[in-house]
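The values are calculated or read from the model by the stated rules, or taken from the named source; none is laboratory data. Given the structure is predicted, the values throughout are model-derived calculations rather than measurements. Reconstructed Cβ throughout: ideal geometry from the backbone, glycine too, with neighbour counts over all protein chains shown. We work out accessible area using only protein heavy atoms, side chains counted, and drop any ligands, DNA or RNA first. Shrake-Rupley method; radii C 1.70, N 1.55, O 1.52, S 1.80 Å.
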Amino acid sequence: MIKSMTGFGKGEAICGDKKFRVELRSLNSKQLDLSVKIPGKYRAAEAEVRSVVSKALVRGKVDVLITMQSEAVQTAGEVNKEMFRAYLTQVTDALSYSGIDAAYDAIVPAVLRMPNVMTTEVESATESDITAIVEAVALACERLNAFREQEGAVLIADLLARVDKIEAYRDQITPF
């Protein structure tokens, strides 16, 4: 069976309140050239993802995009009040020294984006998260392979039609 080198596959898996989506895009390449984009806290799954993709696809320039969507309420984090006060004081002093009059509702969002003002707790990936990611990757690989086979069938049909046309032209010029 001829397979195309280009294709697309998508897979999803649910783990608790999280939904993992995997998209695979493949282009022509002699070897496997794998690019994996995965959220930082799920980096522990990257080696297993690479293993699953390399066993399933073997060749091609493959882009893997993994995203996570959660139904859980996300907290923004805590404000480090000392850092906030220090930055706010420095910014208002600098503005008043420069003769710039700015309202606090314009300054506060900028101060909240400054380093170490907002602290968030980073949770690590669980084994069930990694299992769900690998499941979604395997499903995406199956769908990508199915896409490649379908595209390959179209390519072989086109090639055979062209061969038939060439043979017909050959038969037409044989008497001459």
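Some points to look at:
- Partner lysines for Lys10 [C-alpha distance under 30 Å; skip if fewer than 8 residues away on the same chain]: Lys18, Lys19, Lys30, Lys37, Lys41, Lys55, Lys61
- Sequence-distant contacts, meaning Cα pairs under 8 Å at least 6 residues apart, place the relative contact order of the range 1-65 at 39 percent.
- Relative protection proxy for 23-32, 85-94, from highest mean packing down: 23-32, 85-94 (other beta-carbon atoms within 10 angstrom).
- Dipole of the range 122-176, positive direction: furthest Cα of Ala132, Leu155, Ile166, with charges on the beta-carbon: Ile166
- Size of charge dipole - the chain - debye, nearest 20, with Cβ of Lys, Arg +1 and Asp, Glu -1, no other charges: 680
- Rolled with a 1.4 Å probe across the full set of protein chains, the surface gives Met83 an accessible area near 60 Å².
- Over the range 40-176, relative contact order from alpha-carbon pairs under 8 Å, at least 6 apart, %: 40
- Values [x] 32, 18, 14; [y] 55, 23, 12; [z] 29, 24, 10 are given for comparison; semi-axes √(5λ) of the Cα gyration tensor in Å, derived from the coordinates here, is the one labelled [y].
- Segments 135-144, 54-63 sorted - mean Cβ within 10 Å per residue, highest first: 135-144, 54-63
- Solvent exposure of the chain, expressed per residue, is 68 Å² of accessible area, with all protein chains present and a 1.4 angstrom probe.
- Degrees between helix 46-57 axis and first principal axis of the chain (Cα, 0 to 90, nearest 10): 10
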